[in-house]
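Q: Pasting a structure below so you can have a look.
The values are calculated or read from the model by the stated rules, or taken from the named source; none is laboratory data. Just so you know, these numbers come straight off a predicted model, no measurement behind them. Note that we place each Cβ from the backbone using ideal geometry, even for glycine, and neighbour counts take in every protein chain shown.
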Amino acid sequence: MALLQVNYLSKALFRTVPLHVILPVDRFDADSDSYLNENRKSYKTLYLLHGLLGNYTDWVSQTRIQRWAEEKNLAVVMPSGDNAFYFKSRTPWNDYGSFIGEELVEVTRRMFPLSTKREDTYLAGLSMGGFGALRNAMVYSDTFSCVAGLSSAVHIFDDLAEEGHNGLFDDKQKAALTDKNPRVAVEEMLSSNRPAPKVYMSCGTKDDLMPANIAFRDFLKEKGLDVTWDEEDYGHDWEFWDSQIRKVLDWLPL
């Protein structure tokens, strides 16, 4: 299992961006004295998003994702999303939506032996990254077949008068009517007859975001999406996300 740090010039963000990539190319078996994956041509891939105030190192430093990805023979790509909620913000050169849903997938597939099949391509995240995963998996549902949102910040459009995160929008009320809002993204996906991803959602029972996550879960179910739900006796913390990312990998069709 290789853990790589990559820096490349992003067209969507107009700057050099960093990411971590877990790549199962060098699994060595001492009994056979050989690399187990030497004949494998492509890998199923999880694009994994961090939360507010975090960066591309969070998942590796705070969870056991590297060990579990190796067990599953899964490639994992972890970009930095700053605090931009993974959509195009009001400031120039911050189109994090197309960065996650289009550019990052295209670039990493060129760099590494990743599968180009939709059924092998997944998106997940926690908190802000959970919002970004759920939103972008709907907008780019032709690319992602499964999505997982952990403790997702799906509340940011619930109170349009609330000042929080308003720096992301020219007009929050207008933005709520666009596909920046994951509910609108779901509606547009369904109306365009694009394939819907399978959804995994979870939240800690002690997390203040639990009501918003339950409401969004129920919305997805009402729209006919395939939704798996889980909850544990945790708050908004890494103990919960470490436990949940293992469950997400068990849930994915690996």
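Q: Of the conditions (1) more than 19 Å from residue 86 (Cβ to Cβ); (2) at pLDDT 95 or above, residue 161 satisfies every one except a single condition; which number is it?
A: With respect to (1) more than 19 Å from residue 86 (Cβ to Cβ); (2) at pLDDT 95 or above, residue 161 is out only on (2).
Q: When the residues of segment 68-89 are filtered to those that are hydroxyl-bearing (Ser, Thr, Tyr) and surrounded by fewer than 24 Cβ atoms within 10 Å (Cβ to Cβ), which remaining residue is modelled with the highest pLDDT?
A: So the first thing to find is which residues in segment 68-89 are hydroxyl-bearing (Ser, Thr, Tyr), and the list is 80, 86, 89.
Those left that are additionally surrounded by fewer than 24 Cβ atoms within 10 Å (Cβ to Cβ): 80, 89.
Numbers: 80: 96, 89: 83.
Looking at the filtered set, the residue picked out is 80.
Q: Has segment 18-30 got at least one residue that is farther than 26 Å from residue 119 by Cβ and modelled with pLDDT of 95 or more? Talk me through it step by step, then tell me what you get.
A: Residues of segment 18-30 that are farther than 26 Å from residue 119 by Cβ, as a first pass: 18, 28-30.
The next check asks that each one be modelled with pLDDT of 95 or more; those that pass are 18.
Scanning segment 18-30, I find at least one residue that is farther than 26 Å from residue 119 by Cβ and modelled with pLDDT of 95 or more, so the answer is yes.
Q: Which of the residues spanning segment 176-208 are of a type in the set (S, T, N, Q), touching a helix residue (DSSP H, G or I) at 6+ places or on another chain (Cβ under 8 Å) and loosely packed, with under 15 Cβ neighbours inside 10 Å?
A: The initial filter retains those residues of segment 176-208 that are of a type in the set (S, T, N, Q), namely 178, 181, 191-193, 202, 205.
Going one step further and asking which of them are touching a helix residue (DSSP H, G or I) at 6+ places or on another chain (Cβ under 8 Å), we end up with 178, 181, 202.
Hit for segment 176-208 is 178, nothing else.
Q: Would a scan of segment 200-220 turn up a residue that is under 30 Å from residue 91 (Cα atoms), under 17 Å from the mean Cα position of the chain (by Cα) and of a type outside the set (D, E, K, R)?
A: Within segment 200-220, the subset under 30 Å from residue 91 (Cα atoms) is 208-209, 212-213, 216.
Of the ones still in play, those that are also under 17 Å from the mean Cα position of the chain (by Cα) are 213, 216.
Add one more test, that the residue is of a type outside the set (D, E, K, R), and what stays is 213, 216.
Yes, segment 200-220 contains a residue that is under 30 Å from residue 91 (Cα atoms), under 17 Å from the mean Cα position of the chain (by Cα) and of a type outside the set (D, E, K, R).
Q: Now a separate question. Assess whether residue 5 counts as being of a type in the set (S, T, N, Q), exposed (fewer than 14 other Cβ atoms within 10 Å of the Cβ) and modelled with pLDDT of 95 or more.
A: Numbers: of a type in the set (S, T, N, Q): yes; exposed (fewer than 14 other Cβ atoms within 10 Å of the Cβ): yes; modelled with pLDDT of 95 or more: yes.
The answer is yes for residue 5.
Q: Of these, 232, 222, which one is closer than 20 Å to residue 63 by Cα and out of contact with any Pro (no Cβ under 8 Å at 6 or more places or on another chain)?
A: Values: 222 fails: closer than 20 Å to residue 63 by Cα.
None of the other options fit; the residue is 232.
Q: For segment 107-116, does any single residue satisfy the condition of being under 16 Å from the mean Cα position of the chain (by Cα) and either among the hydrophobic types (A, V, I, L, M, F, W, C) or buried (at least 17 other Cβ atoms within 10 Å of the Cβ) (or both)? Even if it seems obvious, please write down each step before you answer.
A: Here is the first cut: in segment 107-116, the ones under 16 Å from the mean Cα position of the chain (by Cα) are 108.
Checking which are either among the hydrophobic types (A, V, I, L, M, F, W, C) or buried (at least 17 other Cβ atoms within 10 Å of the Cβ) (or both) leaves us with 108.
Yes.
Q: Conditions first: (1) free of Cβ contacts under 8 Å to residues at least 60 places away in the same chain; (2) more than 12 Å from residue 149 (Cβ to Cβ). Residue 195 passes all but one, so which condition is the exception?
A: Only one criterion is unmet by residue 195, namely (1).
Q: Now, a different point. From the list 94, 136, which one is within 24 Å of residue 214 (Cβ to Cβ), crowded, with 17+ Cβ neighbours inside 10 Å and touching a Phe, Trp or Tyr at 6+ places or on another chain (Cβ under 9 Å)?
A: Working: 94 fails: within 24 Å of residue 214 (Cβ to Cβ).
Residue meeting the stated conditions: 136.
Q: Just checking, how many residues over segment 173-223 are in a loop (DSSP other than H, G, I, E, B) and either closer than 20 Å to residue 96 by Cβ or of a type in the set (A, V, I, L, M) (or both)?
A: 9
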